[in-house]
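The values are calculated or read from the model by the stated rules, or taken from the named source; none is laboratory data. Keep in mind that what you see is a predicted model, and the values were worked out from it rather than measured. Cβ coordinates were reconstructed from backbone atoms using ideal geometry, including for glycine residues, and neighbour counts include every protein chain displayed. Each accessible area value is taken on the protein alone, full model and side chains, heavy atoms only, with ligands, DNA and RNA left out. Shrake-Rupley method; radii C 1.70, N 1.55, O 1.52, S 1.80 Å.
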Amino acid sequence: MTPPSVRIALVEDQMIVSEMLRDLLPSLLPCEVVSVSSTGTAALGDIPRLRPDIVLLDLSLPDMPRNN
């Protein structure tokens, strides 16, 4: 019996990092990358619609406000 696949949304503005994670994660654990967003705004549209189990989020996205 195969374990259930975890649904992951990636939010990362650096393309090389998001591509690496998208390719690496499924080889490490039973998961499916359901969304790759390069902006917080795009992620806010994808996450409610796709309902991932995990969101891997870059904390310094250029289009999101910062709390210093």
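Quick test of your reading of the structure: L10 fulfils all but one of (1) at pLDDT below 95; (2) open to solvent by less than 60 Å² (accessible area, probe 1.4 Å); (3) not in a helix (DSSP H, G or I). Name the failing condition by number.
(1)
Which residues, counting only those in region 14-68, are of a type in the set (D, E), part of a loop (DSSP other than H, G, I, E, B) and closer than 21 Å to P4 by Cβ?
Correct list: D53 only.
If L25 meets every condition in (1) surrounded by 17 or more Cβ atoms within 10 Å (Cβ to Cβ); (2) more than 12 Å from the chain's Cα centre (by Cα) apart from one, which number is that one?
The number of the failed condition is (2).
Mind checking which residues of region 46-59 are free of Cβ contacts under 8 Å to residues at least 40 places away in the same chain and surrounded by fewer than 13 Cβ atoms within 10 Å (Cβ to Cβ)? Give the derivation first.
Within region 46-59, the subset free of Cβ contacts under 8 Å to residues at least 40 places away in the same chain is 46-49, 59.
Within region 46-59, P48, R49, L59 meet the criteria.
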